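I have placed the structure first, in the form of structure tokens, so that the comments after it can refer back to it.
Derivation of every value follows stated rules applied to the coordinates shown; laboratory data play no part. Every value quoted in this text rests on a predicted model; they were computed, and no experiment measured them. Glycine also receives a Cβ, built like all others from the backbone with ideal geometry; neighbour counts cover every protein chain displayed.
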Amino acid sequence: MSSNAISDPSTTDTIEPAGPTDATGHYEIDPNHSRIGFVVRHAMVSKVRGAFGEFNGSGFFDPRDPANSHLHLTIGAASVDTGNADRDAHLASGDFFETQVFPEIEFRSTRVQRSGTDAYEVTGDLTIKGVTHSVSVEFSVQGPVRDPFGLTRIGLEGSTKVNRKDWGLEWNAALETGGVLVGEQVTLEFDVSAVASEGTD
């Protein structure tokens, strides 16, 4: 056992560094160990945090030549969860995601470039409610490591801010004291564990 093994709090086993091989390869997102969420201002004074319970994604990562890398992510819009059933139903309605007509949110990368040590800027097309705009996300990358089941993993953590109105999510309500109920700026959060796969381009 290597002296620099990484402890995994969810198991009594350990996670080993992957060794001399680098992280280059195809990966699939492990939804059981990943979170895709958001934060938005509520009533001008607090924040609401939510996440999506259903998503999948895959891609190719080449740290030696990041331009070869790519990512495709699909999210079930109706799986939105803010911890409040009434609010989640409102988010799924035509005022926001209109999930019966637009069941999926999609991100497809168009460019990946290094932005620092183990850091990458991923630019791509984000489609929500049938509207597509380009967004950029700064990701830090951890790993690779080999887990107790022999799987090679990398971790990606990043966030970006967008204006929800750009995608037609315009519903709001005025407050008597001034301002609005729901903030326009939304922080998208990604905390992803990805497993090496036999995928192809």
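Sort segment 49-95 into rounded, prolate or oblate with this rule: let a ≥ b ≥ c be the square roots of the eigenvalues of the Cα gyration tensor; rounded if a/c is under 1.5, and if a/c is not under 1.5, prolate when a/b is larger than b/c, oblate otherwise. Could you put the intermediate results ahead of the total?
Numbers: a/c = 4.08, a/b = 3.37, b/c = 1.21.
Prolate.
For segment 146-201, which GluC sites (Glu not before Pro) pass both filters: DSSP loop (anything but H, G, I, E, B) and at most 16 other C-beta atoms within 10 Å?
GLU170, GLU176, GLU198
Using the Cβ atoms and a cut-off under 14 Å, what net charge is assigned to the surroundings of TRP167, where Lys and Arg are +1 and Asp and Glu are -1? Please report the intermediate quantities before stating the final value.
On the way: positive: LYS129, LYS161, ARG164, LYS165; negative: ASP95, GLU98, GLU104, GLU106, ASP125, ASP166, GLU170, GLU184.
Every neighbour counted, the sum reads -4.
Length gain on complete extension for the stretch GLU170 to ASP22, per 0.36 nm per residue less the alpha carbon to alpha carbon distance? Don't jump to the answer; show the numbers that get you there.
On the way: separation 148, 0.36 × 148 = 53.28 nm, distance 4.43 nm.
The GLU170-ASP22 span can extend by a further 48.9 nm.
Grab the beta carbon distance between ARG35 and SER140, set R0 = 22 Å, and tell me the FRET efficiency rounded to 0.05.
On the way: r = 15 Å, r/R0 = 0.68.
For R0 = 22 Å, the calculated efficiency reads 0.90.
Per 0.36 nm of contour for each residue apart, how much would the distance between GLN100 and ARG64 grow if the chain were fully extended, relative to their Cα-Cα spacing? Provide the component values of the computation, followed by the final result.
Details: separation 36, 0.36 × 36 = 12.96 nm, distance 4.20 nm.
Here the answer is 8.8 nm.
What is the projected area of the convex hull of the Cα atoms of segment 18-111, averaged over all directions, in nm²? Provide the component values of the computation, followed by the final result.
Numbers: hull surface 33.8 nm².
Hull-based average projected area comes out at 8.4 nm².
Can you compute the helix-only [θ] at 222 nm over the chain? Use -39500 (n - 2.57) per DSSP H run of at least 4 residues, normalise by all residues, nearest 500 deg cm²/dmol. Please report the intermediate quantities before stating the final value.
Working: 1 runs with 8 residues, N = 201.
It lands at -1000 deg cm²/dmol.
Using only Cα atoms, what Kirkwood radius does segment 134-197 have, in angstroms?
Values: mean 1/r = 0.0677 Å⁻¹.
Kirkwood radius, segment 134-197: 14.8 Å.
Between LEU181 and ARG87, what is the label-point separation in nm under the 7 Å Cα-to-beta-carbon projection?
Between ARG87 and LEU181, the simple spin-label model gives 1.2 nm.
Across 5 Å bins from 0, what is the distribution of all Cα-Cα pair distances for the chain, in whole percents?
Result returned by the calculation: 1, 7, 13, 19, 17, 14, 11, 8, 5, 2, 1, 0, 0.
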